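Participant: If you scroll down you'll find the structure; I have some questions about it.
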């Protein structure tokens with residue numbers, strides 16, 4: 001009978017780490033190159049590109065033009081023409097610009113490129129931001145466990161980041177979710193380095209972009225970490241000021257009216273709406289899951305949604321009832337807090353597309369590290385694996401091939417469109433349990 005030598009065990013760990021990194025890198029390259037041939041590659045980048053051209057020409061009025069045709073859509077000429085030229089030639093509508101006008105300057109450097117070239121450059125920028133986000137998380141979360149696991153743990157985190165389906169979905173669409181993730185990871189890095197003002201400055205850069213990251217700032221208001229709040233206020237105010245100088249007072253008023261109109265619109269039952277609202281619309285209504293039209297949400301569905309959100313908020317508040325500093329591990333407790341805030345932010349939003357789930361990269365890493373450092377039960381391992389699998393399954397996309405009437409008639413098919421939401425809900429439930437345990441630690 002032979003026993004495994006320490007050298008063999010070390011070599012096995014190193015080999016596993018190397019193979020994980022090799023697969024992740026090769027997979028990302030393959031996916032990035034292959035996605036260039038997709039007919040709708042960089043479809044979400046189209047309004048960003050047009051916005052950059054508009055600020056380059058000084059023709060900023062279309063940035064705040066009110067939408068007359070529903071959520072995210074526009075028939076404003078510059079956006080529609082580019083959309084028709086490169087995507088759907090006969091479409092009467094295009095994806096519009098819905099962000100604070102000042103952010104259009106981010107895309108000014110692309111204005112001198114043709115759209116296909118600009119889209120490929122933006123893909124490269126997103127890959128760099130993805131790598132930088134992973135690096136920031138690794139730098140923020142220094143490993144203090146078994147030294148023999150250090151290399152394998154780094155490989156696992158890189159593997160998770162480079163193969164995380166929401167990341168890949170964002171690369172394909174050309175959205176800004178990875179840019180937002182990068183700013184958040186920078187804020188997280190500064191938090192872990194005990195530089196709260198810099199953390200706030202980084203977080204404040206993304207609050208006016210999508211608005212829902214404001215929940216993170218509200219968390220620090222609740223915890224009375226005023227340096228983070230002040231930093232966020234400074235950078236957010238700077239972006240509002242830049243927007244003011246870009247479009248003027250009237251433009252800002254038009255923008256505010258436009259956003260209020262968007263917030264007051266009905267639900268979107270599209271298959272890739274992975275919020276709680278999307279799940280309820282899939283399960284209890286009969287909207288076109290392959291379409292993007294707003295719809296009137298039945299009152300019982302609205303009531304159920306808000307009741308579930310209130311229940312989630314209550315559970316999160318209960319789990320966080322003891323401040324991180326009053327637990328046995330303040331750093332871990334705050335990590336769980338941030339993970340829960342991210343979960344509420346994604347689940348409670350009326351619109352959460354697949355690529356928004358890039359935010360869950362950090363909660364997944366937090367739970368991974370937690371289990372590497374401590375004993376875990378088989379049940380916890382199963383729950384964690386199930387949550388991860390459902391998050392990345394992309395809503396069992398083949399279901400969309402079913403006839404529209406079949407999707408309407410078969411309830412299970414409609415529910416299976418929300419697998420990523422279900423995975424996120426399970427992951428947040430697991431973190432709720434883990435954070436509650438921290439709350440009673442002396």
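Participant: Tell me, 10, 327 in order of fewest to most beta-carbon neighbours within 10 Å? All intermediate terms of the calculation are to be shown ahead of the outcome.
Facilitator: Details: 10 12, 327 20.
By the 10 Å Cβ count, ascending, the order reads 10, 327.
Participant: To continue, here is another question. At 7 Å along the Cα-to-beta-carbon direction for both residue 323 and residue 132, put a label point, then send me their distance in nm to one decimal.
Facilitator: Here the modelled spin labels are 3.4 nm apart.
Participant: In addition: Percent relative contact order of the chain, based on C-alpha pairs within less than 8 angstrom and at least six residues apart? If you can, show how the numbers build up before the last one.
Facilitator: Values: 610 pairs, mean separation 72.6, N = 442.
Rounded, it is 16 percent for the chain.
Participant: Put a dot 7 Å past each Cα toward the Cβ at residue 34 and residue 230; how far apart are the dots in nm?
Facilitator: 5.1
Participant: Rounded to a whole number of µm²/s, how large is the Stokes-Einstein D of the stretch 141-211 at 20 °C and 1.002 mPa s, given Rh as the Kirkwood radius over C-alpha pairs? List each step's numbers first, then the result.
Facilitator: Working: Rh = 14.0 Å.
Answer, rounded: 153 µm²/s.
Participant: Among 195, 148, 165, whose mean-square fluctuation peaks in a Gaussian network model of the chain (Cα, cutoff 10 Å)?
Facilitator: 148
Participant: Can you pull the one-decimal nm distance between simple spin-label points at residue 75 and residue 18, each 7 Å off the Cα toward Cβ?
Facilitator: 6.2
Participant: Based on Cα coordinates alone, diagonalise the gyration tensor for the stretch 63-221, multiply each eigenvalue by 5, take square roots, and list the semi-axes in whole Å, largest first.
Facilitator: Square roots of five times the eigenvalues give 35, 20, 13 Å.
Participant: When the chain is treated as a GNM, springs tying every alpha-carbon pair under 10 Å, which of 82, 37, 329 comes out with the largest mean-square fluctuation?
Facilitator: 37
Participant: Got a sec? How would 167, 320 order by Cβ neighbour count within 10 Å, fewest to most?
Facilitator: Details: 167 27, 320 23.
Exposure proxy ranking, most exposed first: 320, 167.
Participant: Taking only the alpha-carbon positions of the chain and ignoring solvent, what does the Debye formula give for the base-10 log of I(q)/I(0) at q = 0.13, 0.14 Å⁻¹?
Facilitator: -1.31, -1.51
Participant: What is the stretch 267-442's relative contact order, in percent, from Cα pairs under 8 angstrom and six or more apart in sequence? If you can, show how the numbers build up before the last one.
Facilitator: Details: 230 pairs, mean separation 61.2, N = 176.
With pairs under 8 Å counted, the relative contact order is 35 percent.
Participant: Something else now. Bins of 5 Å, beginning at zero and ending with the bin holding the largest distance: percent of Cα pairs per bin for the stretch 267-442, please.
Facilitator: 1, 9, 17, 19, 18, 14, 10, 6, 4, 2, 0, 0
Participant: Using the count of nearby Cβ atoms within 10 Å as a rough guide to exposure, how do 268, 127 rank from fewest to most?
Facilitator: Least crowded to most crowded, the residues run 127, 268.
Each value in this text was obtained by applying a stated rule to the coordinates, not by laboratory testing. Quick caveat, the model's predicted, so the values are computed rather than measured. Note that each Cβ is placed from the backbone with ideal geometry, even for glycine, and that neighbours are counted across all protein chains shown.
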